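Chemist: Input: one structure, supplied below.
The values are calculated or read from the model by the stated rules, or taken from the named source; none is laboratory data. Remember, predicted model here, so these are calculated numbers, not experimental data. So basically every Cβ, Gly included, is an ideal-geometry build from the backbone, and we count neighbours across all protein chains shown.
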Amino acid sequence: MSIDRAQRQRREIKYLIREEEALAVRSYLSSYLEPDEFAAGKPDNSYSVHSLYLDSNRLATYHAATNGERNRFKLRIRYYDDSPWSPVFFEIKRRINEGVVKQRARVQRDAVHSLLSGESPTPAHLFKWNERHWADLLEFWQLVERLQAAPRAHNFYLREAYVNAEASVRVTMDRNIQICPEFGGELGTAIDEGVEVFGSVVVLELKFTDRMPTWLIEMVRGFELKSSGAAKYVQGVALLGEQRVARRRVGFEWGNAVTSTATSAPWLDASAAVRDALGPNRQ
């Protein structure tokens with residue numbers, strides 16, 4: 001059976017810690033976890049992460065989070081460099097009660113412009129055919145169309161990441177977290193007119209698919225860690241000011257692209273059909 005390294009369904013607990021605590025956590029983790037495949041061999045086991053967040057004109061997903069809605073979601077396009085040959089990832093991150101469900105479609109970078117302009121998704125937009133990714137892309141676009149969501153903010157940070165062999169436990173530490181308004185889809189790596197979201201504080205995240213292992217509980221107790229909300233998009237928008245991201249000033253006008261003949265209804269039907277074909281045990 002293949003290992004879900006993306007941890008599609010998981011528990012997620014966040015902590016804000018000082019740099020000296022982060023170094024101690026790194027030392028502790030070395031007895032239990034290995035650097036993940038993208039971090040291994042890099043300085044401080046860290047790599048760059050960029051996210052382009054999509055939201056409605058009235059910032060519906062932002063306000064769902066600030067209002068504390070228990071069942072909510074975020075829409076983002078995640079990428080790791082500016083290479084035209086690298087894939088990008090269209091992601092829905094749902095919070096359902098105390099759990100997190102992450103849906104992720106691997107997409108061709110040169111498809112981003114047409115999709116953000118309102119073109120209907122097609123299998124050709126995927127980086128490589130995958131039934132699950134196709135279903136997730138269709139569901140992503142269902143939400144985009146429902147909200148008439150568009151690019152709002154570009155988030156960047158350096159991620160130090162560790163994982164166990166089964167990918168059932170993943171621990172990350174994020175530094176240098178920045179955000180700026182972004183209304184286009186160029187997927188650049190520069191942060192213009194941005195702000196630091198958490199300053200010099202490190203965001204520690206514990207992610208696990210089953211129960212938290214005993215050694216991780218002992219780490220939390222030993223370092224006297226206190227869980228804290230640390231939503232990068234939400235905190236970033238609060239610092240930037242809603243007025244800077246709430247209305248599109250430049251960039252794409254949603255739905256004005258030359259679209260396919262498909263309306264929303266057929267590809268919603270297609271999404272349901274793919275999910276049915278995958279079955280409840282293949283979520």
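Chemist: Of all the residues that make up the range 182-206, how many are surrounded by fewer than 21 Cβ atoms within 10 Å (Cβ to Cβ), in contact with an Asp or Glu (Cβ under 8 Å, 6 or more places away or on another chain) and part of a strand (DSSP E or B)?
Modeler: 1
Chemist: Taking only the range 99-155 into account, find how many residues are polar (S, T, N, Q) and part of a helix (DSSP H, G or I). Let's see the steps before the verdict.
Modeler: Here is the first cut: in the range 99-155, the ones polar (S, T, N, Q) are 103, 108, 114, 117, 120, 122, 130, 142, 148, 155.
This time we only want the ones that are part of a helix (DSSP H, G or I), so: 114, 142.
Qualifying residue count, the range 99-155: 2.
Chemist: Does residue 194 meet the test of being under 18 Å from the mean Cα position of the chain (by Cα) and in contact (Cβ under 8 Å) with a residue 24 or more places away in the chain?
Modeler: Values: under 18 Å from the mean Cα position of the chain (by Cα): no; in contact (Cβ under 8 Å) with a residue 24 or more places away in the chain: yes.
No: the conditions fail for residue 194.
Chemist: Could you count how many residues in the range 61-94 are under 17 Å from the mean Cα position of the chain (by Cα) and within 24 Å of residue 244 (Cα to Cα)?
Modeler: 16
Chemist: Among the residues in the range 84-105, are any modelled with pLDDT of 95 or more, among the hydroxyl-bearing types (Ser, Thr, Tyr) and surrounded by 15 or more Cβ atoms within 10 Å (Cβ to Cβ)?
Modeler: So far as the range 84-105 goes, no, none of its residues is modelled with pLDDT of 95 or more, among the hydroxyl-bearing types (Ser, Thr, Tyr) and surrounded by 15 or more Cβ atoms within 10 Å (Cβ to Cβ).
Chemist: Determine if the range 179-188 includes at least one residue that is free of Cβ contacts under 8 Å to residues at least 60 places away in the same chain, of a type in the set (A, V, I, L, M) and out of contact with any Lys or Arg (no Cβ under 6 Å at 6 or more places or on another chain).
Modeler: Here is the first cut: in the range 179-188, the ones free of Cβ contacts under 8 Å to residues at least 60 places away in the same chain are 186.
So of that shortlist, the ones also of a type in the set (A, V, I, L, M) come out as none.
No: zero hits.
Chemist: Could I ask something else about it? Just give me the residues in the range 156-176 being part of a loop (DSSP other than H, G, I, E, B) and surrounded by 21 or more Cβ atoms within 10 Å (Cβ to Cβ), in sequence order. First the steps, then the outcome.
Modeler: Going residue by residue through the range 156-176, those that are part of a loop (DSSP other than H, G, I, E, B) are 164-168.
Passing the criteria: none in range.
Chemist: Another one. What about residue 104, is it among the charged types (D, E, K, R), out of contact with any His (no Cβ under 7 Å at 6 or more places or on another chain), within 30 Å of residue 63 (Cβ to Cβ) and without any contact (Cβ under 8 Å) to a residue 24 or more places away in the chain?
Modeler: Numbers: among the charged types (D, E, K, R): yes; out of contact with any His (no Cβ under 7 Å at 6 or more places or on another chain): yes; within 30 Å of residue 63 (Cβ to Cβ): yes; without any contact (Cβ under 8 Å) to a residue 24 or more places away in the chain: no.
No.
Chemist: Here's another thing I want to ask about it. Can you work out which of the residues in the range 38-63 that are small (Gly, Ala, Ser) and either buried (at least 19 other Cβ atoms within 10 Å of the Cβ) or in contact with a Phe, Trp or Tyr (Cβ under 8 Å, 6 or more places away or on another chain) (or both) is farthest from residue 23 (Cα to Cα)? First the steps, then the outcome.
Modeler: To start, the set of residues in the range 38-63 that are small (Gly, Ala, Ser) comprises 39-41, 46, 48, 51, 56, 60.
Okay, now just the ones that are also either buried (at least 19 other Cβ atoms within 10 Å of the Cβ) or in contact with a Phe, Trp or Tyr (Cβ under 8 Å, 6 or more places away or on another chain) (or both), so 39, 46, 48, 51, 56.
Values: 39: 16, 46: 13, 48: 19, 51: 26, 56: 39 Å.
The residue in question is 56.
Chemist: Looking at the range 1-94, what strands (runs of 3 or more DSSP E) fall wholly within it and have at least 2 residues that are among the β-branched types (Val, Ile, Thr)?
Modeler: On the way: elements: 9-17, 46-55, 71-79.
Output list reads 9-17.
Chemist: Another question, then. So for the range 79-101 (the condition being touching a Gly at 6+ places or on another chain (Cβ under 9 Å), touching a residue at least 60 places away in the same chain (Cβ under 8 Å) and not aromatic (Phe, Trp, Tyr)), does at least one residue qualify? Steps first, please.
Modeler: Keep residues of the range 79-101 that are touching a Gly at 6+ places or on another chain (Cβ under 9 Å), which gives 82.
Cutting the leftovers down to touching a residue at least 60 places away in the same chain (Cβ under 8 Å) gives us 82.
Keeping just the survivors that are not aromatic (Phe, Trp, Tyr) gives 82.
Scanning the range 79-101 turns up at least one residue that is touching a Gly at 6+ places or on another chain (Cβ under 9 Å), touching a residue at least 60 places away in the same chain (Cβ under 8 Å) and not aromatic (Phe, Trp, Tyr).
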